[in-house]
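I have placed the structure first, in the form of structure tokens, so that the comments after it can refer back to it.
The values are calculated or read from the model by the stated rules, or taken from the named source; none is laboratory data. Since we're looking at a predicted model, the values are computed, not measured. Note that each Cβ is placed from the backbone with ideal geometry, even for glycine, and that neighbours are counted across all protein chains shown.
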Amino acid sequence: MNLFRRPFFTFALSAFLAAPFAASAQSPAAHVHGQVRLDIVIDGPTIVIAMESPLDNFVGFERAPRTDAEKKTAEDAIAQLRAGAQLFKIDPAANCKLGPVTLRSSALGLGKNEEGAGEGHADLDGSFAFNCTNTAAAKFIDIDLFNAFKGPRQIEAQIAAPQGQFKRTLKRPATRLAWNK
Ligand SMILES: [Zn+2]
């Protein structure tokens, strides 16, 4: 696909990227090894964390696993991500419980149509929904991705909270994503 050679698409993409706070999940530029993008939406009683990441960050390769060792690596990574409450520890003041977790990675046979991966690359994207009794009290999320996985070095986060919209960058080894301070 030569989407980038088409002037209209380039224009549309530029406009899209220039729009404040709008470079969300669909940006093809999102696939940067070592970088994880999180879109966090706090709305009513729920906190939803949408994650977009190169598959490399979690398993060290970007294709279907070939060896038993690679299969085990993939299975372990999937299990860790499914246990999302260990990776995303929301401010206890909000009193949240993990709800549905959805993972997408066609290379690993999970769902389909993950976005952001270019040719020769693959993503592992996910959505982690939490149900909370006091979302308004949430002021931070402790993110354990740097401890759980070797690949991620930087997290780019956007937070849409009742208090406003925030952008935050976390660099290894920092873990606390805080806003509303
Ligand atoms: Zn890649």
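Could you list, in sequence order, all residues of the stretch 155-181 that are among the aromatic types (Phe, Trp, Tyr) and under 17 Å from residue 89 (Cα atoms)? Working first, answer last.
Of the residues in the stretch 155-181, the ones among the aromatic types (Phe, Trp, Tyr) are 166, 179.
179 - this is the single residue of the stretch 155-181 that is among the aromatic types (Phe, Trp, Tyr) and under 17 Å from residue 89 (Cα atoms).
Restrict the check to the stretch 57-71 and report whether at least one residue is hydroxyl-bearing (Ser, Thr, Tyr) and under 19 Å from the mean Cα position of the chain (by Cα).
Scanning the stretch 57-71, I find no residue that is hydroxyl-bearing (Ser, Thr, Tyr) and under 19 Å from the mean Cα position of the chain (by Cα), so the answer is no.
Pull out all pairs, ordered by first then second residue, where Cβ-Cβ is under 8 Å, the residues are six or more apart or on different chains, the first lies in the stretch 34-63 and is basic (Lys, Arg), and the second is not in a strand (DSSP E or B).
37/25; 37/30; 37/53; 63/107; 63/122
Do we find a residue being surrounded by 18 or more Cβ atoms within 10 Å (Cβ to Cβ) and either within 13 Å of the ligand (Cβ to nearest atom) or among the β-branched types (Val, Ile, Thr) (or both) anywhere in the stretch 66-75?
There is no residue in the stretch 66-75 that is surrounded by 18 or more Cβ atoms within 10 Å (Cβ to Cβ) and either within 13 Å of the ligand (Cβ to nearest atom) or among the β-branched types (Val, Ile, Thr) (or both).
Pairs needed: first member in the stretch 121-138, away from the ligand (no atom under 16 Å from the Cβ); second member anywhere, acidic (Asp, Glu); C-beta distance under 7 Å; at least 6 residues apart or different chains.
The qualifying pairs are 137/91; 138/91.
Could you tell me which numbered condition residue 151 fails, if it satisfies all but one of (1) within 15 Å of the ligand (Cβ to nearest atom); (2) modelled with pLDDT under 95?
Residue 151 satisfies all of (1) within 15 Å of the ligand (Cβ to nearest atom); (2) modelled with pLDDT under 95 except (2).
With modelled with pLDDT under 95, of a type outside the set (Phe, Trp, Tyr) and more than 16 Å from the ligand (Cβ to nearest atom) as the only criterion, which of 110, 81, 98 stands out?
On inspection, the qualifying residue turns out to be 110.
Take the conditions at pLDDT below 95 and farther than 26 Å from residue 130 by Cα and apply them to residue 61. Does it pass? If you could, list the steps in order and put the result at the bottom.
Values: at pLDDT below 95: no; farther than 26 Å from residue 130 by Cα: yes.
Criteria not met by residue 61.
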